[in-house]
Amino acid sequence: MEFLNLTFGQFAALFGAVGAFSVALYLLDRNRRKEIVSTLRFWIEPGKAAPVTRRSRIQQPLSLFLQLLGMLLLLLAIAEFQFGGSRNARRDHVLVLDTSAWMGASLPNRPNATLMDAARASALGWLRAVPSADRVLLVRADALATPATSWELDRRNVARAILESQPGATALNLSQSLQFASQMQRGSGSLPGEIVYAGPGRISAREANNMSLPRIPAFRVLAVDDNIENAGLRSVGARRSATDNGTWDILVRARNYGRKPRLVNVTLNFGNIPQGSRPIELPPGEEKEVAFNVHTRAAGILEARLYPRDAFPADNYAALELPELRSLHVVVYSDQPDALRPALASDSRVFAEFHPTAQYSSESGKDGSLVILHHFRPETRPQGNVLWIDPPLDKPPVAIQSRVEHPEGLRWMPDQPLTAGLRARDVQIDSSSVFAPSPKDIRLAEVNSGPIMVASVSDDGKTRSVVMGFDPFAGAMRYELTTPLLLANVLRWVAPDVFRDVDVGTQSAGAVAMPLVSNNGSVQVLTDSGTNLPYNVRDKSVEFFEGESARVRVIAGNSERVYSLTLPEMWDVKWTPPANVRRGIPAWNDSLRRNLDWWPFLAALGAAVLIGEWIAYGRYSPVRLRVVKPNLERAA
Amino acid sequence: MNEPLLDREFLERLERLTIHWQRSFNGLVGGHNRSRFAGGGQEFLDHRHFHDGDDLRAVNWRAYMRLDKMFLKMFQIEPRVPVRLLLDTSASMAAGSGEKFLFARRLAAALCYVGLVRLDTIQVLPFASHLREGKSSGGGRHRYRIAAEFLEALQPAGVTDFFTVVREFLNEYPQRGLVIVISDFLDDSGCEKALQYLADYGNELMLVQLWSDQDRTPPWTGEVDLHDAESGGHLRIQVDEDARRQYTASFDAFSAGIKEVALRNDGKYAGLPTSMPLEDAIFDTMVRARSIA
């Protein structure tokens, strides 16, 4: 005899409370009926009715008995009363099926079958052994634990979900999956059955270091043998070369997951054109890197391959999309080009073109390039972005109020990107024009006499111009560090896309952590479709999760990183189950567990008893509703 | 505004009825029931010997010429008999949901209307422990409104005391006539003797006993706290099916006693449960009891 939902003590307490309440209600209802009658003379005649001697007395014991019996039956139904002990009671099992990326590896002795096939076969075997009265919940486990079914009695639904399970792109998070299974089992409402893990048990090093398995009374492992030799790519990174604008530095990292040393070849293709091949000797369980240079300014697909192919081909290939390498075209009109040439030649992303002022063309700057007018004011101003350096006093781009020699009190506006990082106050400027800017102009630098450097953006936002009242490439200032920094800021402000630091890399899907170069701006983590991924900034790195193969852009300040999450997330260590876990397919005797559900019958019987009692003894019984016809003959 | 006791359609149906009594009463000409007493009627009744003081206009002079004896012709009269309706307004009439009191007032209104249509004079006399001020109505159906308003204004109160009421009635109304008593007759000191006095003084009784279903067949079982509507006394008893059965038998015996008083004195009796429609009560039960025709 077993109460599945309640202990015997709980059941007895509950029934006692309900029964006492019912008896109290019964006594109150039946004993305090007060009626006003026309006369008492027919009652007080002897032999008509017995006066009450006790205040509380059960008048209709059968009615009370039926009420208590009805409630007892209903409570038994709620408690899911069953004959026999808890050993034979219905239980709820959770099957945790490993669907990590590693499950796509081929079996060593069966090349056409994968670890997933072996895990499916084990899971189906266990499912066949589960007693038919027990319920099963299937959880697919990779980096996330996802329930694939509800609590199912129908084995066909669970089997179909098992067969539909496929390897994912992430590594197994076993502790999270088991905690989820344990939580589901606690909330099921029935007796807990087994939690069964089917898979090889390969987990990441991070999880292995912080593993905290929940306490599971009945834990079974359906182990899958994965003694497989495998080497794979861990990551592929591409970074624009610091010395050559048309070159990408490629770094490929590979790891040997097997137990024997391996010699592998890493080959690189860009746009289906081989870029190189390097052999790597990989000791067991170790990683190595090889570097490549790819010369291209065009956008294209960079592919890395690892040879020879092995049992797990998913990590032998990686692809990433290299963006176009752009440069800024600068047209300089100056009669002293040598003063500007070193500064502009220092950055490979700048393509400078020098012309004497006499060859000025107003068409310059139309293609988005920057025009630098050095001590020169043309009759018609350029149509694009312009950097005015010490314009003449006659018809300047910004009204000049005075000309000062050796101005004092130089101040750089710290809140403007054009003067970011400029702190020097002792910069020696030989002479400068002091502007009388309009309210729309942005003040960048001031001396005691007034502003000496301003910037403006056109109303449509397409063109920008910067006006310096002084020449930073003349006099003592040309040797200051401020001068190249100021020019770099101007170039970056005019063409931010060109100067953005772009890193491209291939990583495995799952949890990704990217170090932040600068944390002074907002961070955006975008997918290819432009949707924002949730992220977390911790310890100067951005962390986000992507469970599938995708391309993700991380924009932080002036840097952009593009991640092609095409590599599967791999394991680091193999988890060893505790010694006390159950293993293999159990041999349950289903006939002992096939109990009949009594609660529907108990509930129906309880309801019938209560309804019958109400009809027979209720206040609105048909006996009381009957119209009594006068019996005149009898009265006569 | 309260709903009228009787609606127009029901009143129209009542117009074909007449209140009947069996006993002969002296009274003024103009009634509708024949009397065995001779009087100034139109229809010949009998002869008798002439006595001194008799009206010479009634002497049968033809018989005197033939027989040389003076015989007096007697004529049948149809006198106006006073109809007095004693209506119980004690608290017991309102016990339960008050259906008995409403039924009694509706029945009284119906009998008033029947009498007014036949040009009888009906005096409604409410009573409980004493005889209360009544209302006399006569002179045709157009006076029904007065009687109906009087009945509608009545309120149940007090303890029934038939003996006092009958004594006050006989002192107040010495002229004999038809006395209709509408009551539950539930007087703890008994009503049979008082009713007998009423009959012994020459009145014809028409006893209409009313009871609610609860009065005759108590619906309760188990422990019940009963409160008397008139005396305020209460009784906590335990009721079972046997007790209910005996209670009903006692009530029927009590009703039989009331009926016996009426029939023993050549009166009429009608027992009416309030669950019966008033139309059935008048056109069926009371007609069969020959109270009205």
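The values are calculated or read from the model by the stated rules, or taken from the named source; none is laboratory data. Just so it is clear, the structure is predicted and the values come from calculations on it, not from any experiment. For neighbour counting, all protein chains shown are included, and Cβ atoms are generated from backbone atoms with ideal geometry for every residue, glycine included.
Looking at region A:238-251, can you tell me whether even one residue there is closer than 23 Å to A:ALA169 by Cα and part of a loop (DSSP other than H, G, I, E, B)?
no
Can you tell me which residues in region A:534-554 are buried (at least 17 other Cβ atoms within 10 Å of the Cβ) and either modelled with pLDDT under 80 or among the aliphatic types (A, V, I, L, M) (or both)?
Scanning region A:534-554 gives A:VAL542, A:GLY547, A:VAL552, A:VAL554.
Name, by its number, the condition in (1) exposed (fewer than 14 other Cβ atoms within 10 Å of the Cβ); (2) at pLDDT 85 or above that does not hold for A:ALA587.
(2)
Suppose we filter B:SER24, B:SER35 for residues that are at pLDDT below 65 and surrounded by 18 or more Cβ atoms within 10 Å (Cβ to Cβ); which single one remains?
B:SER35
Those residues that are within 7 Å of chain A (Cβ to nearest Cβ) and either assigned to a helix (DSSP H, G or I) or more than 25 Å from the chain's Cα centre (by Cα) (or both), I need them from region B:255-290; list them, please.
Residues satisfying the conditions are B:SER255, B:ALA256, B:LYS259.
Out of curiosity, is A:GLY530 modelled with pLDDT under 85 and either of a type in the set (Gly, Ala, Ser) or touching an Asp or Glu at 6+ places or on another chain (Cβ under 7 Å) (or both)?
Taking the combined requirement at face value, the residue satisfies it.
Being modelled with pLDDT of 70 or more, of a type outside the set (Asp, Glu) and either loosely packed, with under 15 Cβ neighbours inside 10 Å or within 21 Å of B:VAL83 (Cα to Cα) (or both), is that true of even one residue in region B:38-48?
Yes: one or more hits.
Which condition number in (1) of a type in the set (Ser, Thr, Tyr); (2) touching a Phe, Trp or Tyr at 6+ places or on another chain (Cβ under 8 Å); (3) surrounded by fewer than 22 Cβ atoms within 10 Å (Cβ to Cβ) is the one that A:SER529 fails?
(2)
Please go through region B:188-237 and give me each residue that is of a type in the set (Asp, Glu) and facing chain A (nearest Cβ under 7 Å), ordered by number.
B:ASP188, B:ASP213, B:ASP215, B:GLU223, B:ASP225, B:ASP228 - these are the residues of region B:188-237 that are of a type in the set (Asp, Glu) and facing chain A (nearest Cβ under 7 Å).
For region A:423-454, which residues satisfy the criterion of being part of a loop (DSSP other than H, G, I, E, B), surrounded by fewer than 21 Cβ atoms within 10 Å (Cβ to Cβ) and either not assigned by TED's automatic domain parsing to the domain that holds A:ALA399 or not polar (S, T, N, Q) (or both)?
Residues satisfying the conditions are A:ARG423, A:ALA424, A:ARG425, A:ASP426, A:VAL427, A:ASP430, A:ALA436, A:PRO437, A:PRO439, A:LYS440, A:ASP441.
Considering region B:238-254 alone, what residues qualify as being facing chain A (nearest Cβ under 7 Å) and not in a helix (DSSP H, G or I)?
Within region B:238-254, B:GLN238, B:VAL239 qualify.
Condition first: within 13 Å of another protein chain (Cβ to nearest Cβ) and either crowded, with 20+ Cβ neighbours inside 10 Å or at negative phi (or both). Can you find one or more residues in region B:163-173 that meet it?
Taking every residue of region B:163-173 in turn, none turns out to be within 13 Å of another protein chain (Cβ to nearest Cβ) and either crowded, with 20+ Cβ neighbours inside 10 Å or at negative phi (or both).
Consider A:ALA218 carefully, then state whether it is of a type in the set (A, V, I, L, M, F, W, C) and assigned by TED's automatic domain parsing to the domain that holds A:LEU115.
yes
Taking only region A:378-409 into account, find how many residues are in contact with a Ser or Thr (Cβ under 6 Å, 6 or more places away or on another chain), over 17 Å from A:ASP471 (Cα atoms) and part of a strand (DSSP E or B).
Number satisfying all stated conditions: 1.
Results for (1) surrounded by 22 or more Cβ atoms within 10 Å (Cβ to Cβ); (2) of a type in the set (A, V, I, L, M, F, W, C); (3) in the same structural domain as A:PHE545 (by TED's automatic domain parsing), shown as yes or no for each residue.
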position	(1), (2), (3)
A:ALA113	no, yes, no
A:GLY125	no, no, no
A:ALA129	no, yes, no
A:SER132	no, no, no
A:VAL136	yes, yes, no
A:ALA148	no, yes, no
A:LEU153	no, yes, no
A:SER175	no, no, no
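Restricting the first residue to region A:524-545 and requiring it to be under 20 Å from A:ASP142 (Cβ atoms), which pairs with a second residue that is of a type in the set (S, T, N, Q) and in a strand (DSSP E or B) meet a Cβ separation below 7 Å and a spacing of at least six or different chains?
These pairs meet every condition: A:LEU533/A:THR527; A:GLU543/A:ASN536.
Scan region A:343-362 and give yes if some residue there is in a helix (DSSP H, G or I), surrounded by 19 or more Cβ atoms within 10 Å (Cβ to Cβ) and among the polar types (S, T, N, Q), otherwise no.
no
In region B:173-192, what residues are over 17 Å from the mean Cα position of the chain (by Cα) and either of a type outside the set (Gly, Ala, Ser) or at pLDDT 90 or above (or both)?
Correct list: B:ASP187, B:ASP188.
May I ask you to verify whether B:ARG106 is closer than 21 Å to B:LEU198 by Cα and either among the basic types (Lys, Arg) or surrounded by fewer than 20 Cβ atoms within 10 Å (Cβ to Cβ) (or both)?
no
In the set B:ALA91, B:ALA108, B:ALA63, which member is closer than 14 Å to B:ILE180 by Cβ and of a type in the set (A, V, I, L, M)?
Only one candidate passes the filter, namely B:ALA108.
Looking at region A:440-450, can you tell me whether even one residue there is in contact with a Ser or Thr (Cβ under 9 Å, 6 or more places away or on another chain) and under 26 Å from A:GLN336 (Cα atoms)?
yes
Under the condition of being among the polar types (S, T, N, Q) and farther than 22 Å from A:ASP394 by Cα, which residue from region A:455-490 is surrounded by the fewest Cβ atoms within 10 Å (Cβ to Cβ)?
A:SER458
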